[in-house]
Amino acid sequence: MNLKLKLVSLLVALFLPVMALAAHNHSNLDIQHSWIKAPVPGTMMTGGFISITNNGKHDEQLVAAYSDIAKNTELHTMVMIDGVMKMREVEGGWVIPAGETLTLAPGGNHIMFIGLTSMLMEGDKQILTLEFKHAGKVERAFMIHKPENANMSDGHSHDDSHSDH
């Protein structure tokens with residue numbers, strides 16, 4: 001076997017497992033029920049909500065969310081401080097243990113959009129990028145809903161609703 005063929009074979013052998021792992025991690029995420037609360041007129045912030053199931057064998061972590069609908073997009077939680085419920089940014093995001101689901105919902109963990117830069121009208125769609133520790137960046141369509149309409153299906157399956165960058 002000539003040297004060039006050996007080198008190519010070695011490179012393929014080294015990189016195939018890495019490529020398979022990246023594809024495997026992404027396919028283990030089942031992302032459902034993504035929606036953004038239609039903001040109250042006159043407000044410059046709102047929340048986003050989603051359900052992410054980790055069907056893999058290893059823990060995953062949602063580390064960040066990105067959008068162009070607000071000046072700042074942050075992962076937030078609700079905490080009780082001196083008897084008052086307050087929102088706080090979550091540094092580093094949330095671990096999603098293997099076989100479990102992370103649910104971001106009103107009154108709890110959520111994606112916070114601060115300083116809205118565009119009008120968000122009920123029924124519109126916005127694309128957000130979710131960043132995971134292992135799966136990398138995944139795009140997802142979020143529907144704008146009034147809270148009373150948010151239980152409706154978002155009409156997306158996990159197979160066609162996200163993609164790697």
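The values are calculated or read from the model by the stated rules, or taken from the named source; none is laboratory data. These figures come from a predicted structure and were not determined experimentally. Positions of Cβ are generated from backbone atoms using ideal geometry, with glycine treated the same way; all protein chains shown enter the neighbour counts.
Check whether at least one residue in segment 135-143 is at pLDDT below 50 and within 13 Å of the chain's Cα centre (by Cα), and report yes or no.
No, because not a single residue in segment 135-143 is at pLDDT below 50 and within 13 Å of the chain's Cα centre (by Cα).
So how many residues does segment 98-133 have that are under 19 Å from Asn55 (Cβ atoms) and touching a His at 6+ places or on another chain (Cβ under 9 Å)?
5
Kindly evaluate Leu16 against the criterion of being buried (at least 17 other Cβ atoms within 10 Å of the Cβ), outside any loop (DSSP other than H, G, I, E, B) and either modelled with pLDDT of 95 or more or among the aliphatic types (A, V, I, L, M) (or both).
No.
Show me the strands (runs of 3 or more DSSP E) entirely contained within segment 96-150 in which 3 or more residues are in contact with a Gly (Cβ under 8 Å, 6 or more places away or on another chain). If you could, list the steps in order and put the result at the bottom.
Details: elements: 101-104, 110-116, 125-132, 136-145.
Answer list for segment 96-150: 110-116, 136-145.
Quick one: what pairs do we get from segment 46-65, first residue more than 11 Å from Phe132 (Cβ to Cβ), second part of a strand (DSSP E or B) and among the charged types (D, E, K, R), C-beta under 9 Å, 6+ apart or different chains?
Thr46/Lys37; Gly47/Lys37; Gly48/Lys37; Phe49/Lys37; Ile50/Arg140; Ser51/Asp30; Thr53/Asp30; Asn55/Asp30
Kindly establish whether Gly42 is free of Cβ contacts under 8 Å to residues at least 60 places away in the same chain, surrounded by 13 or more Cβ atoms within 10 Å (Cβ to Cβ) and not in a strand (DSSP E or B).
no
Given the criterion surrounded by fewer than 18 Cβ atoms within 10 Å (Cβ to Cβ) and either under 15 Å from the mean Cα position of the chain (by Cα) or under 20 Å from Met143 (Cβ atoms) (or both), identify the matching residue among Val95, Val79, Val84.
Values: Val79 fails: either under 15 Å from the mean Cα position of the chain (by Cα) or under 20 Å from Met143 (Cβ atoms) (or both); Val84 fails: either under 15 Å from the mean Cα position of the chain (by Cα) or under 20 Å from Met143 (Cβ atoms) (or both).
Checking each option against the conditions leaves just Val95.
For Asn109, are the conditions met, namely being touching a Pro at 6+ places or on another chain (Cβ under 8 Å), without any contact (Cβ under 8 Å) to a residue 60 or more places away in the chain and not hydroxyl-bearing (Ser, Thr, Tyr)?
Criteria not met by Asn109.
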